[in-house]
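*Asks:* Following this message is one structure expressed as structure tokens.
The values are calculated or read from the model by the stated rules, or taken from the named source; none is laboratory data. As the structure is a computational prediction, the values presented were derived from the model and not from experiment. Here the Cβ positions follow ideal geometry from the backbone for every residue, glycine too, while neighbour counts run over all protein chains shown. Accessible surface areas use protein heavy atoms only, side chains included; no ligands, DNA or RNA. Shrake-Rupley method; radii C 1.70, N 1.55, O 1.52, S 1.80 Å.
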Amino acid sequence: MSLLKLLYWLGPWMDQKKEPSHIERKEHIHDDIRIWLYEPPKCTGTIFILPGLHQDGPGDPRLERFAKVLANAGIRVGVPFLPTAQNLVMVPTLLNEARRALRVFLRLISGDCGIFSISASSIAALMLAADDEFSPRIKGVMLFGGVSNWKEALLFAAKGEHRDPLNLPVIFLNLWSAMQCKFQNESDLIQAWYDFIHETWEKEDMRYLKDYGPVAQRIAATLVEADQEIFLMGCSLAEGGVELVEDTLSRDVPGTEWLSPKAYLKRITMPVHVAHGRDDVVVPWQQAFSIGEWGDCQERVYITGFYDHTGISSTMKWLRLIPQIPLELYRSLRLLRGMLSISHASVKKA
């Protein structure tokens, strides 16, 4: 029954604006750690979700819906606020925030839990699973859109065939310390990118240049003239932004060594599941196989055409999959079984 509920709610046939209406959310705050907890009417398992890079953290409506769908299927869900992820820049403080959050969460529940990570937070999920403090209580791990090579992912997000131009300011923020460019007022420039991201990134009404272009021009006008060009480059409105990213990534980028998951994967003893959307425009789906190889979990790698980086693929994309619907359904069922298995829920074999 849990499997069918997940398939019903998470499939591309479901209106993604709809969600289970009876699931309530409670906030717990301990030691300055905020966690949103979703309790199902009858609990059969528990999952701790690590959000990816997003300014809203657990407040991202797509993540809230996902948590409610899991709770509707009998899974208790905890989602922490991770300030580093909400700040959109990958630095090692993310790992300590994840440790502290899981420590609090495990005090709130009894029994084991699974770890589910979204995109860039995969490194934090693997770190927790490899940590002797937590591993006895972690049933399994699922990485959705996990990253095996950070530099390759940034390059793909910047210049991939189907890239989203609104990813560029986030890439600029992550590479800014290594970029070789002239500027006059750094703090105002960086804040301008954050303002632009807040107004446009992953917003349904900001998909096209005609929509986000005026926002960028308005914010650019608040900067000193010397910084306006580089700002617009980072917003995909001036030429040279992608080339600057490419040039920066062609050199050594200090401070990124901690982002390699290989050492963690070699130490993890519980099952690792790797899910990735074939239409992901931020992290190449092929990176899932690197993770599968390093973690010796190739049989638990799930590549699906139903999802992209942030959720259900566009209607036109998945309609093109109609001839492959039986295969995609099989893949989705395997993925969802994996999700249930890490939650410590009872799962029947196919």
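*Asks:* Students often forget the sequence filter, so: which lysines lie under 17 Å Cα-Cα from LYS26 once same-chain residues fewer than 8 apart are removed?
*Replies:* List returned: LYS42, LYS68.
*Asks:* Related question: Counting only heavy atoms of the protein chains, get the accessible area per residue of segment 120-164 (1.4 Å probe) and round it to a whole Å² value.
*Replies:* Per-residue value: 36 Å².
*Asks:* Which of these, LEU143, LEU128, LEU333, has the largest mean-square fluctuation under a Gaussian network model of the chain (Cα springs below 10 Å)?
*Replies:* Highest fluctuation among the options: LEU333.
*Asks:* Turning to a different aspect of this structure: Tell me, what is the percent relative contact order of segment 18-125, built from C-alpha pairs under 8 Å that lie six or more residues apart?
*Replies:* Taking the mean separation of contacting Cα pairs over the length of segment 18-125, I get 34 percent.
*Asks:* Check the straight Cα-Cα distances from LYS266 and name the aspartates and glutamates below 19 Å, setting aside those fewer than 8 residues away within the same chain.
*Replies:* Straight-line reach from LYS266, under 19 Å: ASP131, ASP132, GLU133, GLU257, GLU293, ASP296, GLU299.
*Asks:* Once you order the gyration tensor axes a ≥ b ≥ c over the Cα atoms, which shape class does segment 14-79 get: rounded for a/c under 1.5, otherwise prolate or oblate by comparing a/b with b/c?
*Replies:* oblate
*Asks:* Grab the alpha carbons of segment 108-150, take their convex hull, and tell me the volume per residue in Å³.
*Replies:* That works out to 71 Å³ per residue.
*Asks:* Same structure, new question: Place a label point 7 angstrom from the Cα of ARG62 along the Cα-to-Cβ direction, then list the residues of segment 95-128 whose backbone nitrogen is under 14 Å away.
*Replies:* 118-121
*Asks:* If the elastic network links every pair of Cα atoms under 10 Å, which of LEU244, LEU166, LEU108 fluctuates the most in the Gaussian network model of the chain?
*Replies:* LEU108
*Asks:* Explain nothing, just the number: dipole magnitude of the chain about its Cα centre with +1 on each Lys and Arg Cβ and -1 on each Asp and Glu Cβ, in debye rounded to the nearest 20.
*Replies:* Dipole about the Cα centre, nearest 20: 1880 debye.
*Asks:* Another one. Within the accessible area of the chain, what % is carbon and sulfur when the probe is 1.4 Å and the other protein chains stay in place?
*Replies:* The C+S portion of the solvent-accessible surface of the chain is 52 percent.
*Asks:* Sticking with this structure for a sec: Counting Lys +1, Arg +1, Asp -1, Glu -1, what net charge surrounds VAL104 among other residues with beta carbon under 14 Å of its beta carbon?
*Replies:* Summing Lys/Arg as +1 and Asp/Glu as -1 gives +2.
*Asks:* Excluding same-chain residues fewer than 8 positions from LYS159, which lysines have a Cα within less than 17 Å of its Cα?
*Replies:* LYS151
*Asks:* List the extent of the Cα atoms of the chain along each of their three principal axes, largest first, rounded to whole Å.
*Replies:* 62, 46, 39
*Asks:* Just to check, using Stokes-Einstein with a Kirkwood Rh over alpha carbon pairs, what's the diffusion coefficient of segment 42-185 at 20 °C and 1.002 mPa s in µm²/s?
*Replies:* For these conditions, the coefficient is 131 µm²/s.
*Asks:* Compute the accessible area per residue over segment 187-263, keeping the other protein chains in place, probe 1.4 Å, unit Å².
*Replies:* In whole numbers, segment 187-263 has 53 Å² accessible per residue.
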